[in-house]
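J.: Dropping a structure here in structure tokens format, bear with me for questions.
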Amino acid sequence: MTSRFYVACDLGAESGRVMLGSVTDGRLVLEEVHRFPTGAIRIQNSLRWNILGIFEELKAGLRKIAARGIEVASVSVDSWGVDYALFNERQPLLSLPYQYRDARTEKRYTDALENVGREKIFAETGIQFMSINTLYHLIADVEENPDVLGIADQFLNIADYVNYLFSGVARAEVSLASTTQMYNPNTKTWSDELIRRFHLPERLFPPIVQSGTTLGPLTTEMASNTGLTGVQVIATCSHDTGAAVAAVPAESNDHWAYLSSGTWSLIGVELPSPLVNETIREGNYTNEAGFGGTTRFLKNIVGLWLLQESRRAWARQGHEYDYAEINAMAESAEPFRSLIDPDDPRFLSPEDMPEAIASYCRDTGQPEPSSPSEFTRCILESLALLYRETLDTIERLTGRTIKTLRIVGGGSQSGLLNQFAANATGRTVLAGPVEATAIGNVLIQAVALGDLESLAAMRDLVRDSFPIDTFKPSESQQWDDAQQRFAKLRDSKKRVR
Ligand code: LFR
């Protein structure tokens, strides 16, 4: 394999990165060239992305690479799912993209499920019901922004939109398209049925392309703005989780599940085709499109968002803790003092996360955590217990046996959470690589350019390139007891609903 340079622009809900990748002596070398915050902005009672600021930061990263005289073969953007930008031929951007947690979808979500029905929406898409999904945001646009929507030619999800700004080619890459809950995995097109039922303008839906499609060269404007020439823009897995799963360093026979751990915890298995039936719908599992025609069968659960938001709240009170400090404190906190159901809707977008957690504990008759170490312990233990419930259910739903949990992404840096996950699930946890998303992005570029053969070859290369830490399960009795308490909390919620 020749050594070429590929650039991954990886956009997460907290930060964005420009990463330079190359393969030398059979190993992938990845370098972070530029990092910047992406965080959403509260403005006029809404929550938005400063997408043009993000675009500028990406250009700054590309300029740094050009300044070093590096000859880049290709570039690709990946991002979180569901959010989108509206534009037309004359206007690069018609409104500030909404952040998925914006409350505007709440009512539209319940109305949509009532009017069209879960059965229909799930049969068309195979996607987990969440109020954040693009479908409900588009419905909100139809209802409250008809003027803006009326002049829009198209929408594009965030990474596809930036790939469009880079290349001038507007395409929806399938992994990201699948997060909209508007993509039909059987017909492999947008769902005509849902477009019709929700009165969405058909022209808004861009052509869909496979993961690993070369869109074309950087526009001349982008080339002169950045100093990069001869660079192809590739739609890899535009969805960050899709790129991360493609980089999970699994061997085909190791009975593995993945956990892409960051703001969200995406936990699931890779399947050859979607599983769409009543049981899956009732369990609220999802079938997102993965690299190479695979299906990412998974559950999207609240992840380190609980901790990220708690950290922000503590910082507002003047206490700044880094993740290493918080983890160390939590390690010495009392085990299983109080547990929460991370899925509780009050945690989706609270003003004050520690207060939301405390209120949950009050409501369920448990002691309220009172220090950052107690809050962190409560969050990490509860997440690990939810991982266990989810893995057990996935085994049941898919008929597979899961022996190892491969944790990738930023969350895999928490040794404490990795150990809790092993203890809670009773499975071996293999943690790493941290930068799975950028790695997947880079290696899909290599496959698209013919430098690497296949998904299996990608995974072999990841295994050969990055250290993986092993966590064996222990303390099974304590975790079994905690699981029973946790299950009761989850059950009582189901009864209330
Ligand atoms: C992770 C992620 C999840 C998606 C959530 C919201 O970054 O992409 O897969 O459900 O963000 O878009």
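J.: In the chain, if the dipole is taken from +1 on Lys/Arg beta carbons and -1 on Asp/Glu beta carbons about the Cα centre, which of ILE158, SER95, THR125 is farthest to the positive end?
T.: About the Cα centre, the residue reaching furthest to the positive side is THR125.
J.: Let me ask something additional. For all pairs of alpha-carbon atoms in region 203-330, what percent lies in each bin of width 5 Å, listed from the first bin to the last filled one?
T.: 2, 8, 12, 14, 13, 13, 12, 12, 9, 4, 0
J.: Taking K and R as +1 and D and E as -1, what net charge do the other residues with C-beta under 10 Å from the C-beta of THR213 add up to? Walk me through the numbers on the way to the answer.
T.: Details: positive: ARG171; negative: GLU173.
Local net charge: 0.
J.: How would HIS34, HIS255, HIS319 line up from fewest to most surrounding beta-carbon atoms within 10 angstrom? Could you put the intermediate results ahead of the total?
T.: Details: HIS34 19, HIS255 14, HIS319 10.
Least crowded to most crowded, the residues run HIS319, HIS255, HIS34.
J.: Additional query: Read phi for every residue in region 198-204 and hand back ³J(HN,Hα) as whole Hz from Karplus 6.51 cos²θ - 1.76 cosθ + 1.60, θ = phi - 60°, with x for Gly and Pro.
T.: 9, 6, 8, x, 4, 5, 5
J.: Semi-axes, largest first, in whole Å: what does sqrt of 5 times each Cα gyration tensor eigenvalue give for region 5-242? Could you put the intermediate results ahead of the total?
T.: On the way: eigenvalues 205, 68, 52 Å².
That gives 32, 18, 16 Å for the three semi-axes.
J.: Next up: Check ILE407: other-chain or 5+ apart residues with amide H under 5 Å from its amide H, H built from backbone geometry?
T.: For ILE407, the qualifying residues are LEU259, LEU430, ALA431, GLY432.
J.: Next question. Please identify the GluC sites (Glu not before Pro) of region 55-105 that satisfy two criteria: DSSP loop assignment and at most 13 other Cβ atoms within 10 Å. Which are they? Could the numbers behind the result be given before it?
T.: Numbers: sites: GLU56, GLU57, GLU71, GLU89; in loops: GLU71, GLU89.
Answer by residue number: GLU71, GLU89.
J.: Here's something else I'd like to know. Within region 241-284, which residues have the backbone N less than 13 Å from the label spot 7 Å out from LYS403 along Cα→beta-carbon, could you tell me?
T.: Of the residues in region 241-284, 251-257 have backbone N under 13 Å from the label point off LYS403.
J.: While we're here: Under unit Cβ charges (Lys, Arg +1; Asp, Glu -1), what dipole magnitude, rounded to 20 debye, does the chain have relative to its Cα centre? Kindly include the intermediate steps, with their values, before the conclusion.
T.: Values: 48 positive and 64 negative charges, 63 e Å.
So the magnitude is around 300 debye.
J.: Are there any chymotrypsin sites (Phe, Trp or Tyr not before Pro) in region 78-122 that are in a DSSP loop and have at most 11 other Cβ atoms within 10 Å? List them by number.
T.: Here no loop site has a sparse enough neighbourhood.
J.: Just going by the charge dipole of region 5-242, with Lys and Arg at +1 and Asp and Glu at -1 on Cβ, which of GLY53, LEU11, ALA66 is farthest out on the positive end?
T.: Looking along the dipole axis, the top candidate is ALA66.
J.: Can you give the net charge of the other residues whose Cβ lies under 12 Å from the Cβ of SER224, counting K and R as +1 and D and E as -1?
T.: On the way: positive: LYS59, ARG63; negative: GLU221.
The answer is +1.
J.: A further question on this structure: Find the eigenvalues of the gyration tensor of the Cα atoms of region 53-136, then list the square roots of 5 times those eigenvalues as equivalent ellipsoid semi-axes, largest first, in whole angstrom.
T.: 37, 16, 11
J.: Two decimals is fine: what is log10 I(q)/I(0) at q = 0.14 Å⁻¹ for region 283-406, from a Debye sum with one equal scatterer on every Cα and no solvent?
T.: Reported log10 I(q)/I(0), two decimals: -0.69.
J.: State log₁₀ I(q)/I(0) for the chain at q = 0.08, 0.09, 0.13 Å⁻¹ as given by the Debye formula over alpha-carbon point scatterers of equal weight, solvent excluded.
T.: Cα-only, vacuum Debye calculation for the chain: -0.46, -0.59, -1.31.
J.: For TYR323 and THR187 in one chain, what is 0.36 nm times their gap in residues minus the Cα-Cα distance, to one decimal in nm?
T.: So the chain would gain 44.6 nm between TYR323 and THR187.
J.: Extending each Cα 7 Å along its Cβ direction at SER492 and SER370, get the distance between those two points in nm, one decimal.
T.: With each label placed 7 Å out from Cα toward Cβ, I get 2.2 nm.
J.: Using only the alpha-carbon atoms of region 77-218, report the extent along each of the three principal axes, biggest first, to the nearest angstrom.
T.: Reported extents, whole Å, longest axis first: 45, 33, 24.
J.: Count neighbours as other Cβ atoms within 10 Å of each site's Cβ, and list the trypsin sites (Lys or Arg not before Pro) in region 1-95 that are DSSP loop with at most 16 such neighbours.
T.: Qualifying residues, ordered by number: ARG4, ARG68, ARG90.
J.: For the chain, calculate the relative contact order in percent as a whole number, restricting contacts to Cα pairs under 8 Å that are 6 or more residues apart. Let's see the in-between values first.
T.: Numbers: 1025 pairs, mean separation 77.0, N = 497.
Relative contact order, the chain: 15 percent.
J.: Rounded if a/c is under 1.5, else prolate if a/b beats b/c, else oblate: with a ≥ b ≥ c from the C-alpha gyration tensor eigenvalues square-rooted, which is region 361-424? Intermediate values should be presented prior to the final figure.
T.: Values: a/c = 3.50, a/b = 1.57, b/c = 2.23.
It is oblate, given that a/c is not under 1.5 and a/b is not larger than b/c.
J.: Counting only other residues whose beta carbon sits under 13 Å from that of GLU453, what net charge do I get with K and R as +1, D and E as -1? Mind showing how you got there, number by number?
T.: Values: positive: ARG459; negative: ASP451, ASP460.
Residues near GLU453 contribute -1 overall.
J.: Count the lysine pairs in the chain whose Cα atoms sit under 24 Å apart, keeping only pairs 8 or more residues apart in sequence or on different chains.
T.: 14
Where a number appears in this text, it was derived from the coordinates with a stated rule and is not lab data. Quick caveat: nothing in here was measured; it's all calculated off a predicted structure. Note that each Cβ is placed from the backbone with ideal geometry, even for glycine, and that neighbours are counted across all protein chains shown.
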